[in-house]
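A short write-up of the structure that comes next.
The values are calculated or read from the model by the stated rules, or taken from the named source; none is laboratory data. Bear in mind that the values here come from a model prediction, so they are computed numbers and not experimental data. Note that we place each Cβ from the backbone using ideal geometry, even for glycine, and neighbour counts take in every protein chain shown. Just the protein is used for accessible areas: all its heavy atoms, side chains included, with ligands, DNA and RNA removed. Shrake-Rupley method; radii C 1.70, N 1.55, O 1.52, S 1.80 Å.
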Amino acid sequence: MDETLNVITIDGPAGVGKTTLARTLAAKIKIAFLDTGAMFRAIALHLGPGSEKFAHNVLESKVKDLNFSLQGFGEKTQLFCNNRPLGLEIRTETVAMTASKLAQIGLIREFLATAQRKIASQSPLVAEGRDMSTVIFPTARCKFFLDASPEIRANRRLNDPHNQEKTDLATLIAQIKERDALDRNRPIAPLKAADDALVIDTSNLTIDAVLKIMEDEIRAKGGFNGQN
Ligand code: DC
């Protein structure tokens, strides 16, 4: 029996271009993409800043009724939380920082792991985040890890029309480094490349160039079957 999951995973640090690449790749293959950072952000927005200090039972009761679902595919893929589409309201560094702190907590990660695997059981996916290759989908068909320097990532964020907070470059670099440290050094599911992931340094590459590397790798792995 083929144990390989019909999932392509993309992991990497904040601002490296995971969502753009996941969306574009999903559009090419005509499957859905799952932005798992958006799930952590939705919980952060729901619970508010400082919620990482809530007692275990309080956190549990507040997240248990959140239901994530995915509709559509390619560019039109839409993630819902309790039947509400997740939009630009989650795209601030304040929400991202709370998300990164909540992402340290086992209960939150386990809750979202269950939701992520359930979504993957319903349709083939490009799944992007921090621990897609290492923890959530270790048997994914094709795995990628994207990286770039904090300075380059901050510059990209500054020019990202989806970024809802207008900060200066120095502040953005500091915020990205702080979030990197939290995401890379946490004891549970830290950000790191899986042994069998293709690592791509995107610092000096265009989106199209990265996409080409990904498509070549997918082809080399025998192609991607968009049927579940
Ligand atoms: O990808 P992003 O910047 O939208 O993610 C926001 C935060 O959520 C990130 O700093 C860490 C957390 N996260 C995580 O721990 N695991 C994931 N798979 C995705 C995001």
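Computed from point charges on the beta carbon alone (+1 for Lys and Arg, -1 for Asp and Glu), the dipole magnitude for the range 116-196 about its Cα centre is near 260 Debye.
Only helices enter this figure: runs of n ≥ 4 DSSP H residues, each worth -39500 (n - 2.57), summed and divided by the residues of the chain, yield -13500 deg cm²/dmol at 222 nm to the nearest 500. Each of Ser203, Ser51 has its accessible area taken with a 1.4 Å probe; listed largest first, they run Ser203, Ser51. The DSSP beta bridges internal to the chain are antiparallel in roughly 25% of cases.
Given a 1.4 Å probe, how much area per residue of the chain is accessible, in Å²?
Result: 48 Å² of accessible area for each residue.
Compared with the rule-of-thumb size 2.2 N^0.38 Å for a compact globular protein, the range 30-144 has a Cα radius of gyration ratio of 1.03. For the range 82-155 versus the range 3-34, the spacing of their alpha-carbon centroids is 11 Å. Within the chain, the percentage of alpha carbon pairs spaced more than 34 angstrom apart rounds to 9%.
Between Leu169, Asn204, Leu125, the Cα set farthest toward the positive side of the dipole of the range 73-205 (charges on each charged residue's Cβ, about the Cα centre) is that of Leu125. Summing Lys and Arg as +1 and Asp and Glu as -1 over all other residues whose Cβ lies under 9 Å from the Cβ of Ser51 gives a net charge of +2. The portion of the accessible surface of the range 1-154 made up by carbon and sulfur, rounded to a whole percent, is 53 (1.4 Å probe; DNA, RNA and ligands excluded).
Around Ala38, under 12 Å between beta carbons, what's the net of Lys plus Arg minus Asp minus Glu among the other residues? Result for the local shell: +1.
State whether the range 75-138 is rounded, prolate or oblate according to the following rule on the C-alpha gyration tensor (a ≥ b ≥ c being the square roots of its eigenvalues): a/c under 1.5 gives rounded; otherwise a/b larger than b/c gives prolate, and the remaining case gives oblate. It comes out oblate by the Cα gyration axes. Among the trypsin sites (Lys or Arg not before Pro) found in the range 87-181, those both in a DSSP coil and sparsely packed, with 10 or fewer other Cβ atoms within 10 Å of their Cβ, are Lys166. Residue pairs exceeding 27 angstrom between C-alpha atoms, taken from Lys18/Lys118; Lys76/Lys143; Lys28/Lys62: Lys28/Lys62.
Give me the net charge of Ala197's neighbourhood, meaning all other residues with Cβ under 9 Å from the Cβ of Ala197; Lys, Arg count +1, Asp, Glu -1.
The answer is -2.
If you model the range 137-228 as an ellipsoid using its alpha carbon gyration tensor, with each semi-axis the square root of five times an eigenvalue, the axes come out at 28, 18, 12 Å, biggest first.
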